[in-house]
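What follows is a short report on a single structure.
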Amino acid sequence: MTLDGGPVRIGWQAKEGEIFLKRSLIKAGHIVTKKEFGDFELAFEWKIAKGGNSGIKYRVRKYGDRTLGCEYQIYDPNGKEVQPINKTASLYDLYEPDPSVKVLEPGEWNSAKIVVKGDRIEHWLNGTMVVQATVGDSQWQKRLSESKFNDAKDFAKNKCGRIMLTD
């Protein structure tokens with residue numbers, strides 16, 4: 001379903017076990033779970049088009065008029081320089097991934113895993129843990145204060161939330 005509870009919009013397709021966005025001039029919007037999840041492990045494979053930008057958000061909820069969550073970033077910078085905290089497999093805008101683990105080229109399949117247990121978050125890329133964070137600890141608080149989420153009171157401290165595939 002979409003954020004407003006409606007059906008998934010035109011542009012998203014499911015075929016042969018794959019969910020993908022067929023790019024068009026109109027935005028298809030995000031796909032969001034109906035159910036909320038607390039502790040979970042989500043393993044998936046992904047590939048992205050050259051210059052693509054997507055991600056999996058979790059612990060998604062409303063913060064004022066914004067719907068936010070932690071994000072496993074999936075991004076091809078297409079030759080542009082980006083901040084480490086915004087690279088693929090980062091905990092978007094908060095924690096950079098281990099730079100020694102390489103992302104495969106656009107169009108090639110990567111494996112990923114998100115593990116959330118209590119306050120602990122892990123992001124995995126191609127079989128290696130590349131990010132680990134503890135929500136609420138001193139490092140989290142420091143990074144949060146320097147991020148775009150610094151005005152979202154208690155960002156990600158909710159123990160349950162929806163999961164979102166971003167457009």
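For the residue pairs LYS102/LYS148; LYS34/LYS62; LYS62/LYS159; LYS57/LYS153, alpha carbon separations beyond 22 Å are given by LYS102/LYS148. Computed over every Cα-Cα pair of segment 46-142 and binned at 5 Å starting from 0, the pair-distance distribution P(r) comes out as 3, 13, 23, 26, 18, 10, 6, 1 percent.
What number comes out for accessible area per residue over the chain if the probe is 1.4 Å? Units Å², please.
Working: 9610 Å² over 167 residues.
In whole numbers, the chain has 58 Å² accessible per residue.
Short-range pairs are left out: with C-alpha atoms under 8 Å and at least six residues apart, the relative contact order of segment 75-156 is 22 percent. Springs between Cα atoms under 10 Å define the GNM used for the chain, and in it the highest mean-square fluctuation of ILE114, ILE19, ILE74 occurs at ILE19. In the assembled protein chains, LYS50 presents an accessible area of approximately 150 Å² (probe radius 1.4 Å).
Computing Rg and Dmax of the Cα atoms in Å for the structure here picks out one of [x] 17.1, 57; [y] 15.5, 44; [z] 15.4, 47, namely [y]. Measuring nothing but how far apart in sequence close Cα pairs (under 8 Å, 6+ apart) lie, relative to its length, the chain scores a relative contact order of 27 percent. Against the criterion of solvent-accessible heavy-atom surface with a 1.4 angstrom probe, GLU71, GLU45, GLU81 sort, most first, into GLU81, GLU45, GLU71. If R0 is taken as 35 Å, the Cβ-Cβ distance between GLN83 and GLN13 corresponds to a FRET efficiency of 0.65. Per-atom-type breakdown for the chain gives carbon and sulfur 52% of the accessible area (1.4 Å probe, protein chains only).
Starting from the residue with the highest accessible area, list ARG66, ARG143 in decreasing order, probe 1.4 Å.
ARG66, ARG143
Considering only ALA133, ALA14, ALA152, the Gaussian network model of the chain with Cα springs below 10 Å gives its largest mean-square fluctuation to ALA14.
Put a plus charge on the Cβ of each Lys and Arg, a minus charge on the Cβ of each Asp and Glu, and nothing anywhere else: the dipole of the chain about its Cα centre is then about 500 debye.
The values are calculated or read from the model by the stated rules, or taken from the named source; none is laboratory data. Since we're looking at a predicted model, the values are computed, not measured. Using ideal geometry, Cβ is built from the backbone for each residue, glycine included, and neighbour counts are taken over all protein chains shown. All accessible areas refer to the heavy atoms of the entire protein, side chains included, with ligands and DNA or RNA removed. Shrake-Rupley method; radii C 1.70, N 1.55, O 1.52, S 1.80 Å.
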